[in-house]
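Take a look at the structure set out below.
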Amino acid sequence: MLSGVSISAVRRVMDESLFSDPGLLYATRDMSGNRRAEFMAGRICAARSLRKMGVVAAFPLPGRNRQPVWPTGVLGSISHCSTTAVAVATAQSRYCALGVDVEPLIGPAIAQQIQRSICRDEELIGLERSVPGRKLALTLLFSAKEALFKALFPQVGGFKDFYAAEFFACEARSLVLRLTQDWNSQWLAGKKVKVRYAWRGEDVFSAVYLSRTGN
Ligand SMILES: CC(C)(COP(=O)(O)OP(=O)(O)OC[C@H]1O[C@@H](n2cnc3c(N)ncnc32)[C@H](O)[C@@H]1OP(=O)(O)O)[C@@H](O)C(=O)NCCC(=O)NCCS
């Protein structure tokens, strides 16, 4: 079963007492105030997700590639923006991949700047058949690709740019991405992955969760 937690209003959670955790203090020693607030909010969500699973553990610390290091047997993922943090966790015995992302609606100026690094025009045109408007489509596609990257990173172990997967199809409250290259010996070009999504106000939440039974 998935255990998911999100927190709104990142700055309010700054009052919580996790600031005495030595590992987190060390991990955040060089972070700016805003960055630290988001990081801590993500860790609070992570701890709550773990607790919901019945796992009592230290906060997941960042690994060498910035990925959160979860307790043995747990898969998890964290995302945050200036107002919201979210984390999900589950048992590795039941799921083989888990990734989450929250993304505020991308404004037109930024959309223009980053579009080319996120996707081909054809992908957006395809997505716009189901998601109205360039801003919504780009924000969703960006978020979906980041959720995919986070979900596969523990198995792939390396960086993949945004052209390593492409929009393939839209389904109810989900879209399907297709890998455009081999990510490793198991995640080969052509493989399709469903990304669930939901809008809350102007934020989109995307999640990839792949159960071992294929459901
Ligand atoms: C790593 C990345 C996905 C994070 O996304 P972001 O929009 O910057 O930030 P988010 O708030 O959504 O997520 C940040 C959290 O992701 C997690 N994260 C970072 N690197 C990660 C990795 N390699 N694997 C899994 N999770 C990772 C961390 O928990 C991080 O929060 P923290 O630094 O406070 O611990 C992004 O910075 C990146 O490098 N993207 C390029 C790779 C990519 O997405 N390719 C698309 C392939 S189709």
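The values are calculated or read from the model by the stated rules, or taken from the named source; none is laboratory data. Keep in mind it's a predicted model, so treat the numbers as computed, not measured. Methodologically, a virtual Cβ is constructed for each residue, glycine included, from the backbone with ideal geometry; neighbour enumeration extends over all protein chains shown. The protein model used for the area step is the full one, side chains on, heavy atoms only, and it has no ligands, DNA or RNA in it. Shrake-Rupley method; radii C 1.70, N 1.55, O 1.52, S 1.80 Å.
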> Taking segment 171-183 on its own, how many of its residues are under 14 Å from GLY126 (Cα atoms) and at pLDDT below 95?
Replying inline: 1
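Here is a yes/no grid of residues against (1) touching a Leu at 6+ places or on another chain (Cβ under 6 Å); (2) open to solvent by less than 70 Å² (accessible area, probe 1.4 Å); (3) in the same structural domain as ALA151 (by TED's automatic domain parsing):
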site	(1), (2), (3)
LEU50	no, yes, no
VAL55	no, yes, no
ALA58	no, no, no
GLY63	no, yes, no
GLY73	no, yes, no
SER79	no, yes, no
GLY126	no, yes, yes
PRO132	no, no, yes
ALA137	yes, yes, yes
> Which of the residues that make up segment 40-53 are over 14 Å from VAL69 (Cβ atoms) and either part of a helix (DSSP H, G or I) or near the ligand (Cβ under 9 Å from one of its atoms) (or both)?
Replying inline: MET40, ALA41, ILE44, CYS45, ARG48, SER49, ARG51, LYS52
>> For the structure I just gave you, tell me whether LEU179 is touching a residue at least 40 places away in the same chain (Cβ under 8 Å), within 16 Å of the ligand (Cβ to nearest atom) and surrounded by 14 or more Cβ atoms within 10 Å (Cβ to Cβ).
In response: no
